[in-house]
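**Student:** To start, I am sharing the structure in question, which I have written as structure tokens.
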Amino acid sequence: MKTQVAAGETDDPGFVVVLNSLIQGLISKRAPEELWIIQIDNWFDHKWLGFSGMGAVASNIPIDRYDTVKAESYQEKLTFPPFTPNRVVNQFSYVLVGNDYTESPLPVLPHSTARKRSETNIRRRVEDFSRSACYVWYSANTLANGRGSVMVYNVASDRLDRWFAAFSREQGWKLHATKGVSQYDIKQLLESR
């Protein structure tokens, strides 16, 4: 059985074809034990790649009684991106059984359904959830936006890869930008299904 994302009401079918090709390329190349496909409400950009949340840091300038300011946090150990629960539309989990992936509810979701403080996310390390997994986030509302984003975290025993790819619908869905991976590598994944 091929793992396929179905186009929803707000999804451009052309973008979903690109997404499914990427997913097939990823699982044929890596064959992780677990596969997570996570739909995010609306487009997101490359700044989410590796982002852990907002934290308080000491300030040299007296601001208030705490002398702290909020700052973006990127951890050395990769954490799940802190999308708020209302942006996480769907979280689908699959496990490798033989040579195929079967949809299977796993006990812990990458994204909580309850809102939590950023400090909590800083301790939610990706590598603590699985020794062999591929997490794929993709943007919804591609029909109206004309652009889509895909972010991938690959966990394999002692190695963790992460990358982001942006696509636009100008004359068919085309790769627009990447971070953490070359455009050539994305094109190879798209063709390897």
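The values are calculated or read from the model by the stated rules, or taken from the named source; none is laboratory data. For clarity, every value in this text was computed on a predicted model and none was experimentally measured. Every residue, glycine as well, gets a Cβ built from its backbone with ideal geometry; the counts of neighbours run over all protein chains shown. Side chains included, ligands, DNA and RNA excluded: accessible areas come from the protein's heavy atoms. Shrake-Rupley method; radii C 1.70, N 1.55, O 1.52, S 1.80 Å.
**Student:** Please go through (1) of a type outside the set (D, E, K, R); (2) closer than 21 Å to TYR101 by Cβ; (3) touching a residue at least 60 places away in the same chain (Cβ under 8 Å) for ASN141 and return the number of the only condition it doesn't satisfy.
**Tutor:** (2) is the only condition that ASN141 fails.
**Student:** Still on this structure, please answer the following. Among all residue pairs at least 6 apart or on different chains, which show Cβ distances below 6 Å where the first residue, located in the stretch 40-58, is within 17 Å of GLY180 (Cα to Cα) and of a type outside the set (S, T, N, Q) and the second is modelled with pLDDT under 70 and open to solvent by 60 Å² or more (accessible area, probe 1.4 Å)?
**Tutor:** GLY50/TYR74
**Student:** Six or more apart or on different chains, Cβ atoms under 6 Å: show the pairs whose first residue is in the stretch 74-93 and under 12 Å from GLN39 (Cα atoms) and modelled with pLDDT of 85 or more and whose second is among the polar types (S, T, N, Q) and open to solvent by less than 30 Å² (accessible area, probe 1.4 Å).
**Tutor:** VAL89/GLN39; ASN90/GLN39
**Student:** While we're looking at this one, here's another question. For the stretch 1-28, which positions are part of a helix (DSSP H, G or I), over 17 Å from the mean Cα position of the chain (by Cα) and hydrophobic (A, V, I, L, M, F, W, C)? Can you show your working first?
**Tutor:** At the first step, the residues of the stretch 1-28 found to be part of a helix (DSSP H, G or I) are 13-28.
Keeping just the survivors that are over 17 Å from the mean Cα position of the chain (by Cα) gives 13-14, 17, 28.
The one that is part of a helix (DSSP H, G or I), over 17 Å from the mean Cα position of the chain (by Cα) and hydrophobic (A, V, I, L, M, F, W, C): VAL17.
**Student:** Here's another thing I want to ask about it. Suppose we keep only residues that are of a type in the set (Gly, Ala, Ser) and out of contact with any helix residue (DSSP H, G or I) (no Cβ under 8 Å at 6 or more places or on another chain) within the stretch 150-193. Which one would you say is least open to solvent (accessible area, probe 1.4 Å)? Spell out the reasoning first.
**Tutor:** Applying the first criterion (of a type in the set (Gly, Ala, Ser)) to the stretch 150-193 yields 156-157, 165-166, 168, 172, 177, 180, 182, 192.
Cutting the leftovers down to out of contact with any helix residue (DSSP H, G or I) (no Cβ under 8 Å at 6 or more places or on another chain) gives us 157, 168, 180, 182.
On the way: SER157: 73, SER168: 22, GLY180: 64, SER182: 50 Å².
The extreme case among them is SER168.
**Student:** Follow-up. Of the residues that sit in the stretch 102-132 and are of a type in the set (Val, Ile, Thr) and open to solvent by 40 Å² or more (accessible area, probe 1.4 Å), which one is modelled with the highest pLDDT?
**Tutor:** Initially, the stretch 102-132 is screened for residues of a type in the set (Val, Ile, Thr), giving 102, 108, 113, 120, 122, 126.
Retained after the next criterion (residues that are open to solvent by 40 Å² or more (accessible area, probe 1.4 Å)): 102, 108, 113, 120.
Working: THR102: 91, VAL108: 79, THR113: 71, THR120: 61.
Looking at residues that are of a type in the set (Val, Ile, Thr) and open to solvent by 40 Å² or more (accessible area, probe 1.4 Å), I get THR102.
**Student:** If a residue has to be among the basic types (Lys, Arg) and touching a Lys or Arg at 6+ places or on another chain (Cβ under 9 Å) to count, how many in the stretch 126-161 make the cut?
**Tutor:** Of the residues in the stretch 126-161, the ones among the basic types (Lys, Arg) are 131, 147, 159.
From the residues that got through so far, the ones that are touching a Lys or Arg at 6+ places or on another chain (Cβ under 9 Å) too are 147.
Going through the stretch 126-161 one residue at a time, the tally reaches 1.
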